[in-house]
Amino acid sequence: MNRVLVTLPLAIVASAFFVSASVTPAHAATGVCAAMPADIRTVADKGDAEAAKKALKLVRTGELLCDAGNERAAKKKFESAYKTLGVAEEEYAQLAK
């Protein structure tokens, strides 16, 4: 019984630590996740309404991927949004740096 009284609180503290560590965001605001969505929105405001709607949907998906810590997949969504808006690949490659 004494072992249960000692190990149970330790187990609870350890599990709480691991749960809190896994709940925190897995990414930091990097260049792709911080800059590209704002740049795409700026370009979308100036473009065709239908293309802008599609691009903004891709941006939202990319932002969710950034929140999940998958920056690589988010970058692909952002690049697709640029293509939808008709931005040349060289232009958005410069913006991503």
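Computed from the coordinates by the stated procedures, all read-outs in this text should not be read as laboratory data. In this text, all values refer to a predicted model and were calculated from it rather than measured experimentally.
Available extension along the chain between residue 83 and residue 51 is 10.6 nm, counting 0.36 nm per residue and deducting the alpha carbon span. Fully extending the segment from residue 91 to residue 5, taken as 0.36 nm per residue of separation minus the present Cα-Cα distance, adds 24.7 nm. The C-alpha atoms of the range 31-96 occupy a region whose extents along the principal axes are 31, 22, 15 Å, arranged from largest to smallest.
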